[in-house]
1. What pairs come out if I take residues in segment 141-155 that are under 14 Å from Ile111 (Cβ atoms) and pair them with residues that are within 7 Å of the ligand (Cβ to nearest atom) whose C-beta lies under 7 Å away, six or more apart or interchain?
2. Can you name every residue in segment 1-31 that is assigned to a loop (DSSP other than H, G, I, E, B), more than 11 Å from the ligand (Cβ to nearest atom) and under 15 Å from the mean Cα position of the chain (by Cα)?
3. If you check Arg256 against the conditions, is it modelled with pLDDT of 95 or more, of a type in the set (Lys, Arg) and either buried (at least 16 other Cβ atoms within 10 Å of the Cβ) or on the phi < 0 side of the Ramachandran plot (or both)?
4. Looking at (1) open to solvent by 50 Å² or more (accessible area, probe 1.4 Å); (2) in a helix (DSSP H, G or I); (3) in contact (Cβ under 8 Å) with a residue 40 or more places away in the chain; (4) more than 19 Å from Ala304 (Cβ to Cβ), which is the one condition that is false for Ser103?
5. Kindly evaluate Thr37 against the criterion of being over 23 Å from Ala113 (Cα atoms), away from the ligand (no atom under 11 Å from the Cβ) and open to solvent by less than 10 Å² (accessible area, probe 1.4 Å).
6. Taking only segment 117-153 into account, find how many residues are within 18 Å of the chain's Cα centre (by Cα), more than 9 Å from the ligand (Cβ to nearest atom) and surrounded by fewer than 16 Cβ atoms within 10 Å (Cβ to Cβ).
7. Give the residue, chosen from Val29, Val44, Val82, that is in contact with a Leu (Cβ under 8 Å, 6 or more places away or on another chain) and either of a type outside the set (Lys, Arg) or modelled with pLDDT under 95 (or both).
8. Return yes when Arg200 is surrounded by fewer than 18 Cβ atoms within 10 Å (Cβ to Cβ) and over 17 Å from the mean Cα position of the chain (by Cα) and no when it is not.
Amino acid sequence: MAKPRLLSGDRTTGKLHLGHLAGSLQNRVQLQDEYDTWLLLADVQALTTHYDRPQGLAESVRQIATDYLAAGIDPEKTTLFVQSQIPEIAELTILFSMFVTVSSLRHNPTIKAEAKERGYKDLYYGFLGYPVSQAADIAFCKAQLVPVGEDNVPHVEQARKIVRRFNALYGPVLVEPQVKVGDTPRLSGLDGAGKMSKSRGNAICLDATTAEIHTSLRQARTDPLRLTRFDPGHPDTCTVFSYHEAFRAEEANAIREECQTGRLGCQSCKGLIADGIDHILAPMRDRRREALKHPDRIDEILQAGTSHARAVAAHTMEEVRDVMHMNYFSARLSKGAST
Ligand code: TRP
């Protein structure tokens, strides 16, 4: 029996960091055996916030593809593809947009939160509408499972509604996806001031060297109530402890104990987690070095994945145009094809 299809992806706004690894990447690496896994490099969605600097997209696409390979994504098992190179996604987005209301987009809690965070007053049409485009990402390849972080759940919910509505209006050709929410909470940034994000400068990237990991952790914020080395710590409000939970789960209980009783100081605690993170990133460094030796191969992988995705997209669009009675010329074309 064919494996069920899984789709996930990332906006191409920069390299990936530990937040991506803990939140989704480790999970995708594991699921690629069980599922027909597709990973989308969402460069069009990146334009919703980066429309004024498209020159960075190509590099970001390659960096993220390299991060995927370094993390253990196997192109034999996973289809890697680039969103902007599948024009059918744009086509489907337009067709969906006819029956998606503006208020349903305005009420999307992630759109609201992102607009607030970025200080947007008047919303760009493409930004407000990116959940529609994400629904097209999911629908064109008939993904059955979409694993995402908490913040993307409203988008997958919206995609489910759009697919149901499409099928009811025109005919049952699209597949309603299931959402799978990651069970790890969002990793917080080194400054303890919010989630880890490259644009906030509070991230450890997946290509960090051993020295960079140690430097970043030395500067990381810890429990603000712990004034001296021998004070009892409060691990549940400490960013560094949250990294122990995410990356050294087996040791986390012992660390908690030692912190709460004042036996383990912050510097030593940071050293332990820096070593733990380095241990996780070390095998990724080897795979990255290998991948970077053959940069053409990364492009070949992306091209092969994208052309596979396009073939599937063309097939879905045939079905979509059929049920929408928009296949005006194909019958005539095939009849008159001799000239
Ligand atoms: N919105 C996702 C993110 O924030 C990226 C994305 C775009 C995506 N299209 C998708 C994820 C389709 C899953 C399925 O990174």
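1. Partner pairs satisfying both residue conditions: His155/Gln134.
2. Gly14, Lys15
3. Criteria met by Arg256.
4. (3)
5. Yes.
6. Number of matching residues: 1.
7. Residue meeting the stated conditions: Val82.
8. Considered against the rule, which asks whether it is surrounded by fewer than 18 Cβ atoms within 10 Å (Cβ to Cβ) and over 17 Å from the mean Cα position of the chain (by Cα), Arg200 comes out as yes.
The values are calculated or read from the model by the stated rules, or taken from the named source; none is laboratory data. Not measured: the values here are computed from a predicted model. Cβ atoms come from the backbone with ideal geometry, glycine included; neighbour counts cover every protein chain shown. We work out accessible area using only protein heavy atoms, side chains counted, and drop any ligands, DNA or RNA first. Shrake-Rupley method; radii C 1.70, N 1.55, O 1.52, S 1.80 Å.
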